[in-house]
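Q: So that we are looking at the same thing, I have put the structure below in structure tokens.
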Amino acid sequence: MFAFIVRRLALSIPTLFGVLVVVFLLLYVAPGDPVQEMVGERADPETIARLRKELHLDEPLLKQFTLYTGGVLRGDFGNSYITQRPIIQDIRERFPKTLLLAGSAMLLASILGITLGVLSARNPGGWFDRLGLGVAYLGISFPVYWVGLILILVFAVILKWLPPSGYGGIKYLILPALALGSRSIAFLARVTRSSMLDVLGGDFVRTARAKGLKERVVVVRHALRNALIPIITVLGLDFGYYLTGSILTETIFSWPGLGRYVVNAITRRDLPAIQGSVLFLSVVFVLVNLLTDLAYAKADPRVAYS
Amino acid sequence: MRRLFLLVITAILGCGGGGESTPARKTIIDSRDTYDPRSLDPALSTDVPTGRAVAYVFDGLTRFTPDAKVVPGLAKSWDVSADGITYTFHLRTGVKFHDGRPFKASNVVSTFQRVLDPATKGGRGWPLYPIKGAEDYAASKAKTIAGMAAPDDSTVVITLKEPFSIFPKLLAMPVTSIIPDNPSADFGQKPIGTGPWKFVEWRHDDYLRFAKNPDYFDGAPKTDSLMARIIPEMSTATAEFEAGNVDVLNVPDEAGKSWQVDPEKKKLLTSAPALRFWYVAINTTRGPLSDVRVRQAINYAVDVNTMLAQVMAGRGAVANGVVPPSLGGYDASRKGYPHDVAKAKQLLAAAGHPTGIDVELWASTTDQSPRISQTIQANLAEAGIRAKIIQRDASSMREAARKGQTDLALKEWWADYPDAENFLYPLLHSKNKGVGGNVSFYSNPHFDALVDQAHREQDEAKRNSLYTQADQIEFNDAPMLYLFFYKDMYAVQPWIKGFTVPAVFNGQRWTDVTISK
């Protein structure tokens, strides 16, 4: 297992280097210019030339790339062109907030989605199953900004139970987590249901029932455990996406996370900020995938890594 | 889709809410910033949220009032030499920075040097370029700014390259705000100024918090603290306003329409002409657009009145040149180009294009740009001008326009200071082609001469008359499609007293605003 982790991490290094090269080239060929963003709407060519020099943007591409990669290897992601703050500090400030939001959304989605799926599978075609199907359709069909704004409208403006937006205690977390998790709730419910249906028809379930086990034990301990693999896949994928910045949710709920940071960096062509965050997010993605793989082994002893 | 949704939201919001009770808080909460400020270092204030925050913490030698007057700031008065070259600023005495250090004349000199120093990487030295030797200093050709001297602690003498009568207005811009000596490396995070508000806290992408400066030389703010929330989404800001959590809202167009007919909401609305100008820069050097008749045809073809009413919810005034109605030099007698398709066709034919022309219309993806550009496209088509819309993000579009790669470019200009010069000079003077702001690449020596003359003219009435003449010349040349001067509409909570909509973005410093029943 340890060897497996080390090998996977070693293999991710070329991936990350590839990401670095692609992002660098992409930003180089993309239109827009960080210096023009810095100076605003009115400037003069001399100022622009001086800033380009100051930021080493007048150097050849290869030199720029070497300078940047050298910094990254020393653990220095550089400073933002626009704000002049260290990129590492910006990421350190925002990522925990994105992690909190993504984690809460996933927790909510797992609890609600899996419960909904299990209950639906117990009596396929029943009223609960049909209700679950309806909820799932709604959850999958509505875009997150729609769900977000409706939640704000209902719970913050009309009922006044929760604040509409911002970052703070748990009351600020509920609505964005629900909005972000809504798609996963729906998706998980459907995946859990079908996976459970497969398993519930199995011989070992009939045996468990014949032994006289309580239905709750049959469903949770015998069936659900065996139905987990596809559920973990969905959880892993969604979590990865959420961590890389739930841009729409963060925007609608004014959540100061990494997603908004990246979008702002892109609009302003803040090259070091874009490169730094993309690299960081790639590492996160690699780690989440690794964790998902490890979770498979935990869920199903037949899956072995060596 | 999004627009439809906004309509639904505002319709529903319109039904609920209202009749909020006065909150117990002693903090004014602003909701206008849509993105995180670049920094709180005045030298880096090249964007609106930064400029607003800098105006709270710092003072310049002069400052703007909400209604765009220029009044004394750290300078209590100034004298101008007869030739208009030498400005002697008499500074206030006894003013202290928030950390207790006294403000003195040498701070002005070192602040301006820092703004111009390339190592500051601010990028906005131009407001100081009128000073003799400023450009040499910025280019590292001189160790000091030749035209700046501080003969004693309360006097600053500034010598200009040539007479520039509106120079004091430029000193009210955020970038020329005065900072103390030896700013720390994280000055942009922990700013220290002389202004009415002391910096307290900055949570990035979340909010900025300020506390009143009880010793402010112009009288302490009337409220204890001020918070500027950063809310990227307009509908969210609207919801926060509805919930009573923010005090002032820059009302989105959709909400504005329905609130104006809602008897309760209507009472909260207040509006004022903003120094914001929507126009389409016509690149006067490209193909058929180099013919003035074609450019005029474009102006005749577009029905700006209907567009203003339908697309912009009537928020603005139709432009008849580049000088807005609230500024000196505006000519009320000049009428904008009327909507006259026949005339447009006739002009096109006269210019040798009886079958029309093909042009590219560049527009960004932000705000109202997509809707305005589509309306223009439809209008132009009626006159035989086939416009292809090129929609790009703001950064790509700006770069293309500055490089002269756009035929037509839909733009919005926010004034930095309240003077007609801030429209005529950057947008159309031949010195400013490209990055300077003149993306029409317009060049008319007669126009240039009038604007240059206005720069030197000390008499305001005569200067305004020069502006009017210059505006008329460029209007005839039609280097742009004149759209409208935007009108800001704000909603202000009933418990907020003393708020005025600022004409320039950094003109409202909240010092006279109170929270009361």
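Q: Work out the mean other chain Cβ neighbour count within 10 Å for the residues of B:233-244 and drop it here as an integer.
A: Averaged over the peptide's residues, the number is 6.
Q: How big is the Cα convex hull of chain B in projection, averaged over all directions, in nm²?
A: Projected over every direction and averaged, the Cα hull of chain B covers 23.9 nm².
Q: Students often get this wrong, so check it: of B:K26/B:K190; B:K76/B:K433; B:K257/B:K335; A:K97/B:K26; B:K411/B:K433; B:K104/B:K431, which have C-alpha atoms separated by over 25 Å?
A: Violating the 25 Å limit, Cα to Cα: B:K76/B:K433; B:K257/B:K335; A:K97/B:K26; B:K104/B:K431.
Q: Hey, got the average number of other protein chain Cβ atoms within 10 angstrom for residues in A:147-154?
A: Across A:147-154, the average partner-chain Cβ count within 10 Å equals 4.
Q: Also, I was wondering about something else. Which order do the peptides A:49-59, A:146-156, A:203-213, A:252-262 come out in when sorted by mean C-beta neighbours inside 10 angstrom, highest first?
A: Descending mean neighbour count gives A:252-262, A:146-156, A:49-59, A:203-213.
Q: For peptide B:119-128, how many partner chain Cβ atoms fall within 10 Å of a residue's Cβ, on average?
A: 5
Q: In units of 2.2 N^0.38 Å, what is the alpha-carbon radius of gyration of region B:20-120?
A: The value comes to 1.34.
Q: With θ set to phi - 60°, apply the Karplus curve 6.51 cos²θ - 1.76 cosθ + 1.60 along region A:266-278 and write out the HN-Hα couplings as whole Hz, x wherever there is a Gly or Pro.
A: Each residue of region A:266-278 in turn: 5, 4, 9, 6, 7, 3, x, 5, 5, 4, x, 6, 5 Hz.
Q: Please determine, in degrees from 0 to 90 and to the nearest 10, the orientation of helix A:170-200 with respect to the longest principal axis defined by the Cα atoms of chain A, where the helix direction is its Cα long axis.
A: On a 0 to 90 degree scale, this one is about 50.
Q: Using only DSSP helix segments of four residues or longer, with each worth -39500 (n - 2.57), what per-residue ellipticity at 222 nm results for the protein assembly as shown after dividing by its residue count and rounding to 500?
A: Estimated from H runs of four or more residues: -14000 deg cm²/dmol.
Q: Sticking with this structure for a sec: Considering all alpha-carbon pairs of region A:25-78, what whole percent are spaced by more than 14 angstrom?
A: 62
Q: Which whole-number percent gives the relative contact order of chain B, counting Cα pairs below 8 Å spaced six or more residues apart?
A: Rounded, it is 20 percent for chain B.
A short reminder: the numbers here are calculations on the coordinates, not readings from a lab. Bear in mind that the values here come from a model prediction, so they are computed numbers and not experimental data. Positions of Cβ are generated from backbone atoms using ideal geometry, with glycine treated the same way; all protein chains shown enter the neighbour counts.
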